[in-house]
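Below is one structure, written out as structure tokens; comments come after it.
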Amino acid sequence: MRAEILVVGGGLGGVAAALAALRAGRRVVLTEEHDWIGGQLTSQAVPPDEPSWVEQFGVTASYRQLRQGIRDYYHRHYPLTEAARAKADLNPGGGHVSRLCHEPRVAVAVLESMLAPYLGSGLLRILKPYRPVGADVDGDRVEAVTLAHRESGERITISAPFVLDATETGELLPLTGTEYTTGFESGKDTGEPSAPGEAQPDNMQAVSVCFAIDHVDGDHTIDKPADYDFWRDFRTDFWGGNLLGFRAPNPRTLEPADRTFEPNPGDDPLAVVGDQRLGGGDMNLWTFRRIAARRNFTPGAYASDITLVNWPMIDYFLAPVIDNPDAATHLEKARGLSYSVLYWLQTEAPRADGGTGWPGLRLRGDVTGSADGLAQAPYFRESRRIKAEYTVVEQDLSAAVRGDEGAVSYRDSVGIGMYRIDLHPSTGGDNYIDVASCPFEIPLGALLPVRVDNLLPAGKNLGTTHITNGCYRLHPVEWNIGEAAGALAAFSFERGALPRAVGADPALLADFQDRLASQGVELRWPDIAAY
């Protein structure tokens with residue numbers, strides 16, 4: 001099969017990359033290894049983590065279209081109360097992590113609708129469930145990528161002048177021989193104040209297998225997981241108690257803090273303000289990532305709220321799952337941890353009334369689109385990262401380092417993003433690193449591999465460090481990275497130029513930035529404060 005642009009990976013970055021290339025009239029093949037496109041927003045079941053100003057500015061026009069499409073979908077198809085229907089900035093789940101917490105299936109529907117016109121015109125072909133297993137490389141060029149069907153093993157080889165790696169863990173980088181790094185870089189190499197003295201390539205952020213639950217009448221206790229006793233008793237020095245417990249570090253202060261848990265608390269979801277400046281929102285676990293608030297819907301439509309479990313206690317940090325020959329074993333252990341958390345909640349978790357367990361907690365695999373009840377895919381917070389022409393480092397955007405100057409402004413900005421530097425516990429035994437960040441830009445140089453000419457990163461695999469990955473990995477930033485990569489591939493195809501030439505030639509760069517701006521990609525921030 002041939003394409004003008006091949007996008008491997010159908011997560012948020014991959015979809016955004018495909019849309020950008022399609023808008024430019026290019027023929028695109030988009031592949032995805034899971035049943036749903038959308039990555040962390042859908043198959044990984046993580047509600048969007050977004051900047052505080054997302055309703056006004058700070059994201060691309062197409063990402064804003066996605067957000068509005070999700071709200072419109074609820075207004076068209078769901079039995080909202082009059083008060084919820086009247087709220088222009090509806091937060092369907094009334095979750096505290098974001099101004100737009102919603103069921104993943106809705107995002108799938110909206111993403112598919114955004115791609116639908118190009119499927120009809122024949123410009124786009126989507127292949128799923130296919131994962132990359134090989135590549136043909138000629139010197140500094142990737143000629144083709146071979147993919148295998150997840151179930152049948154059927155193989156298909158696709159050639160294209162430009163190849164975008166939008167996989168969740170940078171799967172094309174080792175397959176193509178593209179230079180990359182993993183884990184914690186050395187402070188001696190990067191100058192980052194939070195980096196260790198020596199590089200730690202196997203020290204990566206925890207991976208999590210999320211799941212959705214509600215609370216209804218009856219006993220919905222799952223079978224006791226085989227490794228439940230191990231996880232019930234597991235503890236680590238910095239946690240402040242057992243991993244399976246409501247006490248865990250406050251990510252920003254590192255002091256142990258007690259979370260609360262009360263199913264269906266009867267709060268007013270329309271009064272929730274999902275603003276990360278006010279705090280992480282994780283002190284109340286039920287409302288933290290609630291994706292359906294029953295009081296937003298007409299009486300009887302929902303028997304219970306639905307909440308998404310992506311909490312500290314499901315973080316699996318015993319070993320990395322990238323470039324580890326035992327990765328499959330550890331991913332299975334991560335799944336076992338998630339089942340163990342649910343079983344603990346159903347049977348042994350302490351209640352405020354002095355009792356233990358909530359047997360009415362029900363696993364909602366129908367909400368996550370999976371037969372086993374968990375999310376279709378693990379939530380990967382960290383990827384392999386290209387060795388890039390420019391690597392974003394902590395001192396480019398740390399509020400403690402930059403102060404009132406704000407983040408570094410890049411001449412080759414291809415977008416913007418904002419999130420705190422948010423690193424979960426890691427496989428090297430590190431606690432959270434969660435510190436204030438300045439609103440930052442995305443440099444084109446971070447999308448350019450140091451050697452390979454026609455492969456571009458379209459997600460978390462761009463040129464960041466372990467530390468700056470912590471703020472470049474969130475939903476709208478990943479979308480912007482993908483959109484910029486797709487637009488860059490299309491622009492390079494049109495001009496007959498290599499992507500690195502676009503970054504090096506001031507005239508080409510100006511033309512490319514003008515094109516991005518004309519399509520609603522914001523390149524600079526207004527004067528706003530870090531948090």
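Applying the condition of being touching a strand residue (DSSP E or B) at 6+ places or on another chain (Cβ under 7 Å) and of a type in the set (Gly, Ala, Ser) to the stretch 215-247 and asking which residue is surrounded by the fewest Cβ atoms within 10 Å (Cβ to Cβ) yields 241. Among the residues examined, residue 290 qualifies as on the phi < 0 side of the Ramachandran plot, buried (at least 19 other Cβ atoms within 10 Å of the Cβ), touching a residue at least 24 places away in the same chain (Cβ under 8 Å) and charged (D, E, K, R). When 497, 490, 504 are checked against the criterion of being at pLDDT 95 or above and crowded, with 22+ Cβ neighbours inside 10 Å, 490 stands alone in meeting it. For the stretch 251-264, the set of residues classified as open to solvent by less than 40 Å² (accessible area, probe 1.4 Å) and part of a loop (DSSP other than H, G, I, E, B) consists of 251, 259, 261, 263, 264, listed by residue number.
Among helices (runs of 4 or more DSSP H) lying entirely in the stretch 1-101, which contain 3 or more residues that are free of Cβ contacts under 8 Å to residues at least 60 places away in the same chain and charged (D, E, K, R)?
By residue number, 61-77.
Of everything in the stretch 134-155, what is under 17 Å from residue 10 (Cα atoms) and surrounded by fewer than 20 Cβ atoms within 10 Å (Cβ to Cβ)? Give them in sequence order. Within the stretch 134-155, 146, 148, 149, 150 qualify. Only a single item in (1) more than 22 Å from residue 357 (Cα to Cα); (2) assigned to a loop (DSSP other than H, G, I, E, B) is not met by residue 189, and it is number (2). Against the criterion of being surrounded by 17 or more Cβ atoms within 10 Å (Cβ to Cβ) and at pLDDT below 95, residue 312 qualifies.
Could we say that residue 83 is surrounded by fewer than 20 Cβ atoms within 10 Å (Cβ to Cβ), over 19 Å from the mean Cα position of the chain (by Cα) and either within 15 Å of residue 478 (Cα to Cα) or small (Gly, Ala, Ser) (or both) here? Yes. Looking at 167, 190, 221, just one residue is among the β-branched types (Val, Ile, Thr) and within 30 Å of residue 399 (Cβ to Cβ), and that residue is 190.
The values are calculated or read from the model by the stated rules, or taken from the named source; none is laboratory data. No experiment lies behind these values; they were computed from the predicted model shown. With ideal geometry, Cβ positions are generated from the backbone for all residues, glycine too; neighbour counts draw on all protein chains shown. These area figures cover heavy atoms from the full protein model, side chains too; ligands, DNA and RNA do not enter into them. Shrake-Rupley method; radii C 1.70, N 1.55, O 1.52, S 1.80 Å.
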